[in-house]
Amino acid sequence: MARDTQKTLRNQVMYSVYVRQYSKEGTFKKVQEDLPRIQALGVDIIWLMPIHPIGEKKRKGSLGSPYAIKDYRAVNPEYGTREDFISLVDHIHALGMKCIIDVVYNHTAPDSVLSVEHPEWFYHKADGAFGNKIGDWSDIIDLDYSHRDLWDYQIETLKMWVEIVDGFRCDVAPLIPLDFWMAAREAVKEVRADCIWLSESVEPIFTFDNRSRRMTSLSDSEIFQAFDISYEYDIYHDWIRYLTDEISLAEYLEKINQQEYIYPENYVKLRFLENHDRPRARFLIPDERSRYNWTAFLYFQKGMVLLYNGQETENIHRPSLFDKDELQWQTGRDISAYFTQLALLKRHPLMKEGSYTVQDGGNGIIVAEYTDGNQRLLGLFSTKGRSGIVRTNLPDGIYRNLLNGSDVYVESGLICMDGQPQVIEINQETHE
């Protein structure tokens, strides 16, 4: 783990914005107009998906992927001017939030500035042509980090942007040598000491496949040496397998427990139910009560929360990366107030410092707990949205559910759940 990573990141909420799809206009200015609403969700950090010009050669769709970047040092004119971008970031800061931008350093568009000015910095196929090592990424070409001049260019670019923004979400970071990321972190620290580094770390099967082809593919344990936060793709596929009844709840929860002893003590995971690369939460969890519980568990988990724009209005459709596909904000139930409430819970100090465990309480109920000395924070989450009896080691008595202020009764060591999530705070010194 990066030695100077702050555990306070575990108390924070990140909100991902896809500028193109965020509004009909698809501009920085329209995002800026909506900042007070985003802030009201309890958001600490806004992550802007790539803001740079998009290549035209081999585009997918009519507009191309924002991850097929033409120029790392420019702003996409479809979104607005550089001044518009700086204004957006200034307004984010004025509201007490931070802003990070996407860094897509594994590859560029085939017609990128670098492919013209420095073709030697790219991976080439046997016939000498540009190429990429991930077959279905046909709209990009891979960079080759064996060239130290490329390191210098990329690091200088990061230092340029960090004069404006607060950090970076690094796309498929494990495909780039660890030594590069370590050098980049140290260099950027000279400009912004508290720069936030988020790695889009990858799923195990992706790592296995890449390594079988002798590609660089860093594990989470390696990536944590340079990054503050990594995706929870290491266990995401286990979550999906639980949702599809391929594994038990206990098997999924054991994967979460393993994170407590295979990663450094100050590790921070990015927890999510959805993102721009994965299905929406409403699609994966169609039952409303179950989704309500999973959302509460998302915020209770040790780590930073990620929300994807539109999640607060329970969008079921995930916008296209390649065409205009505007977010639909009037999709039914607006759960913004629930996110705001959960964000307050996320600030609880035990979620920063406490030891964390999860276990299967039976009946599809997760029993999760933070402990620190005499302080305990207990969370109960019904993944199936069902009522049930849960055994605990709490003293009998009446407790308060921090989520809604209701009474929680413990009798003979048992709690009766009504299908709604419950979070209880216990001070063992004072409780009778």
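The values are calculated or read from the model by the stated rules, or taken from the named source; none is laboratory data. Please read these numbers as outputs of a predicted model, since none were measured by experiment. Cβ coordinates were reconstructed from backbone atoms using ideal geometry, including for glycine residues, and neighbour counts include every protein chain displayed. Each accessible area value is taken on the protein alone, full model and side chains, heavy atoms only, with ligands, DNA and RNA left out. Shrake-Rupley method; radii C 1.70, N 1.55, O 1.52, S 1.80 Å.
Kindly provide the helix-only [θ] at 222 nm of the chain, computed as the sum of -39,500 (n - 2.57) over DSSP H runs of four or more divided by all residues, to the nearest 500 deg cm²/dmol? So the helix-based figure for the chain works out to -8500 deg cm²/dmol.
Spatial offset of the range 175-218 relative to the range 362-416 amounts to 39 Å, using the alpha carbon center of each.
Against the 2.2 N^0.38 Å scaling, with N counting residues, where does the chain land? I'd like the Cα-based Rg ratio to two decimal places.
Dividing the Cα Rg of the chain by 2.2 N^0.38 Å gives 1.01.
Between 0 and 90 degrees, the angle of helix 82-94 with respect to the longest Cα principal axis of the chain falls at about 20 degrees. Solvent exposure of the chain amounts to 41 Å² per residue of accessible area, where only protein heavy atoms count and the probe is 1.4 Å. Evaluated with a Cβ-only charge set (Lys, Arg +1; Asp, Glu -1), the range 115-263 carries a dipole of roughly 300 debye about its Cα centre, given to the nearest 20. Within the range 282-304, whose backbone N sits under 12 Å from a point 7 Å along Cα→Cβ of Asn393? No residues fall inside that zone. For the range 177-182, putting each phi into the Karplus relation 6.51 cos²θ - 1.76 cosθ + 1.60 with θ = phi - 60° gives couplings of x, 4, 4, 5, 5, 5 Hz, in residue order, rounded to whole numbers and with x for Gly and Pro.
Quick check: residue separation of Asn257 and Lys133 times 0.36 nm, minus the Cα distance between them. What number comes out in nm? Mind showing how you got there, number by number?
On the way: separation 124, 0.36 × 124 = 44.64 nm, distance 3.39 nm.
This chain segment gains 41.3 nm when fully extended.
With the convex hull built on the Cα atoms of the range 304-414, state its orientation-averaged projected area in nm². Intermediate values should be presented prior to the final figure.
Values: hull surface 36.9 nm².
Hull-based average projected area comes out at 9.2 nm².
Backbone geometry of the range 401-417 corresponds, through the Karplus equation with coefficients 6.51, -1.76 and 1.60 at θ = phi - 60°, to 3J(HN,Hα) couplings of 6, 5, 7, 9, x, 6, 7, 10, 9, 10, 9, 6, x, 10, 10, 9, 8 Hz, x marking Gly and Pro.
Centre-to-centre, using Cα atoms only, the range 71-89 and the range 265-327 are separated by 27 Å.
For Trp329 and Thr81, what is the calculated FRET efficiency with R₀ set at 41 Å and r taken between the beta-carbons, to the nearest 0.05? Result of the calculation: an efficiency of 0.95. Apolar share of the accessible surface for the chain: 49 percent from carbon plus sulfur atoms, 1.4 Å probe. Exposure check, 1.4 Å probe, all protein chains in place: Phe208 carries approximately 140 Å² of accessible surface.
Reported to the nearest whole Å, the Cα centre-to-centre distance from the range 1-58 to the range 332-361 is 21. The order of Arg10, Arg59 by accessible area, most exposed first and with a 1.4 Å probe, is Arg59, Arg10. Please state the shape class of the range 44-131: rounded when a/c is under 1.5, otherwise prolate if a/b exceeds b/c and oblate if not, all from the C-alpha gyration tensor. The shape class here is prolate.
The count of lysine pairs in the range 68-188 whose Cα atoms are under 28 Å apart, excluding pairs fewer than 8 places apart on the same chain, comes to 6. Rolled with a 1.4 Å probe across the full set of protein chains, the surface gives Arg73 an accessible area near 90 Å².
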